[in-house]
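The values are calculated or read from the model by the stated rules, or taken from the named source; none is laboratory data. What you are looking at is a predicted structure, and each value in this text was computed from that prediction instead of being measured. Don't worry about glycine lacking a Cβ; one is built from the backbone with ideal geometry, like all the others, and counts go over all protein chains shown.
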Amino acid sequence: MYKLIKPILFQFDPEKAHGMTIDALKFVQRHSKLLPVVRQLFHYENPILKQNIKGISFPNPIALAAGFDKSCEVPKALENAGFGALELGGITPKPQPGNPKPRMYRLVEDDAIINRMGFNNIGMNKALSNLRKYSYKIPVGLNIGVNKLTPYEERYQDYIRVIDTFKNDVTFFTVNISSPNTENLQSFHDKDEFSQLCSAIQSYKIKHDISVPIFIKLTSDLDLPGLGRMLDPIVETFDGIILANTTQQRDNLHSTNRSEAGGLSGRPLFERNLEMINYTYKKTNGQFLIIGTGGIFDTDDVIMMLRHGASLVQIYSSLVFEGPGLTKKLNKSLTQYLESHGYNHVSEIIGLDVK
Ligand SMILES: Cc1cc2nc3c(=O)[nH]c(=O)nc-3n(C[C@H](O)[C@H](O)[C@H](O)COP(=O)(O)O)c2cc1C
């Protein structure tokens, strides 16, 4: 089906096509009789894929990555689309328009996307009322960013504001310090900035006795020594790590629009992010939750990320190129792989290839 729709969608500017997809999902959400139809098409369930992590029950390890539903507009429709979890957002305290358009590019020859959206979203209060319209049967997490106009020294408080607002309504949070499209956001990877952020989050957690897991998402552009230096404070402060967000590197790309500014996602990210996952699993002795993302297109990619230490994975770009049938396809063939290799449960392959 997507083979027919894709050439039409690809005639449109990528952000316009994305808007059309969100509109279609809104339509489904408004007509609740369509939800079981979507579920029938895209959902696949098998106990071999179900994991309980940090007290959260994930029906399968294939989650939706942040940035697809930035303003929490279509969570109920997405809930039925076969994912093991949703990460909505990035949400900032105040609404903001993001960067001028065009700001999203398909790199068709590279199975990749460049975006410089700049945290366009409707702000935390409206996003919360969107989210509260429904209840959810799968984990729904929230990705948090920083407003463009927040003064430099107060930026870490934006994360706290959003956590405080959503603390009773989401299953997990992701502190996103890795978007390249908000000036200076990535300086949170620097030692002093990061320890200020960690202290703020730790004191908030203690003061409010908050039990919702908080993850951190790092940039793919961090080298391994840099990652190594961040791991101790990360393990002390956060409940898991997402590896990794987009890259600003442009090596070995073929598409003519490869020099657009922004973060590159999709297939070219895979090897680099796999290396970061492997390194983190090794350094934390397999004791710290890793969520893998970046360039997952087929079941071999999922299996590799799990075998290198990720417990869950997130996808975005491959949905654009392969369509919504991908979740079911990945879950089904992951199950076949596990069964045919004699595994009883998906958790048995996590970290197997880490030497
Ligand atoms: C258009 C677009 C917008 C994104 N917005 C966000 C965001 O708001 N917050 C975030 O942490 N990651 C964001 N991402 C990054 C994705 O969540 C994901 O980590 C990255 O694209 C790598 O996965 P992929 O190769 O499967 O796309 C965005 C990606 C794209 C393509």
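Do you know which residues across segment 237-292 are of a type in the set (Gly, Ala, Ser), at negative phi, surrounded by fewer than 23 Cβ atoms within 10 Å (Cβ to Cβ) and within 13 Å of the ligand (Cβ to nearest atom)?
Gly263
Being within 16 Å of the ligand (Cβ to nearest atom) and more than 20 Å from the chain's Cα centre (by Cα) is true for just one of Leu222, Leu197, Leu185. Which residue is that?
Leu197
Looking only at residues that are in a strand (DSSP E or B) and in contact (Cβ under 8 Å) with a residue 60 or more places away in the chain in segment 206-220, which one is surrounded by the most Cβ atoms within 10 Å (Cβ to Cβ)?
Lys217
Could you please find all residues in segment 62-82 being within 14 Å of the ligand (Cβ to nearest atom), over 16 Å from Val170 (Cα atoms) and either of a type outside the set (Phe, Trp, Tyr) or crowded, with 24+ Cβ neighbours inside 10 Å (or both)?
Listed by number, the residues that qualify are Ile62, Gly67.
Is at least one residue of segment 302-314 out of contact with any Leu (no Cβ under 6 Å at 6 or more places or on another chain), among the charged types (D, E, K, R) and farther than 28 Å from Tyr159 by Cβ?
No, every residue in segment 302-314 fails to be out of contact with any Leu (no Cβ under 6 Å at 6 or more places or on another chain), among the charged types (D, E, K, R) and farther than 28 Å from Tyr159 by Cβ.
Applying the selection to segment 114-133, what residues are in a loop (DSSP other than H, G, I, E, B), on the phi < 0 side of the Ramachandran plot and within 11 Å of the ligand (Cβ to nearest atom)?
Arg116, Met117, Asn120
Starting from residues that are over 10 Å from Phe166 (Cα atoms) and surrounded by fewer than 21 Cβ atoms within 10 Å (Cβ to Cβ), keep the ones in segment 119-128 and report whichever is nearest to the chain's Cα centre (by Cα).
Once the filter is applied, the top-ranked residue is Asn120.
Could you say which residue among Asp158, Asp164, Asp110, Asp169 is within 18 Å of Phe215 (Cβ to Cβ) and over 20 Å from the mean Cα position of the chain (by Cα)?
Every option except Asp164 fails the conditions.
Just to be sure I understand the filter: pairs with C-beta atoms under 7 Å, separated by 6 or more residues or on different chains, first member in segment 130-157 and over 21 Å from Phe68 (Cβ atoms), second member exposed (fewer than 13 other Cβ atoms within 10 Å of the Cβ). Which pairs pass?
Pairs that qualify, where the first residue is over 21 Å from Phe68 (Cβ atoms) and the partner is exposed (fewer than 13 other Cβ atoms within 10 Å of the Cβ), are Tyr152/Asn184.
Report yes if some residue within segment 134-142 is within 21 Å of the chain's Cα centre (by Cα) and within 12 Å of the ligand (Cβ to nearest atom); otherwise report no.
Yes, there is a match, as at least one residue in segment 134-142 is within 21 Å of the chain's Cα centre (by Cα) and within 12 Å of the ligand (Cβ to nearest atom).
Quick one: in segment 151-176, of everything that is part of a loop (DSSP other than H, G, I, E, B) and more than 16 Å from the ligand (Cβ to nearest atom), which residue is surrounded by the most Cβ atoms within 10 Å (Cβ to Cβ)?
So, considering only residues that are part of a loop (DSSP other than H, G, I, E, B) and more than 16 Å from the ligand (Cβ to nearest atom), the one surrounded by the most Cβ atoms within 10 Å (Cβ to Cβ) is Thr171.
Taking interchain pairs and intrachain pairs at least six residues apart, which have beta carbon atoms under 7 angstrom, with the first residue in segment 226-238 and under 12 Å from Phe288 (Cβ atoms) and the second modelled with pLDDT of 95 or more and part of a loop (DSSP other than H, G, I, E, B)?
Leu231/Thr284; Val235/Thr284; Val235/Phe288
Could you list, in sequence order, the residues of segment 18-38 that are surrounded by 14 or more Cβ atoms within 10 Å (Cβ to Cβ) and in contact (Cβ under 8 Å) with a residue 40 or more places away in the chain?
Scanning segment 18-38 gives His18, Ile22, Leu25, Lys26, Val28, Gln29, Leu35, Val38.
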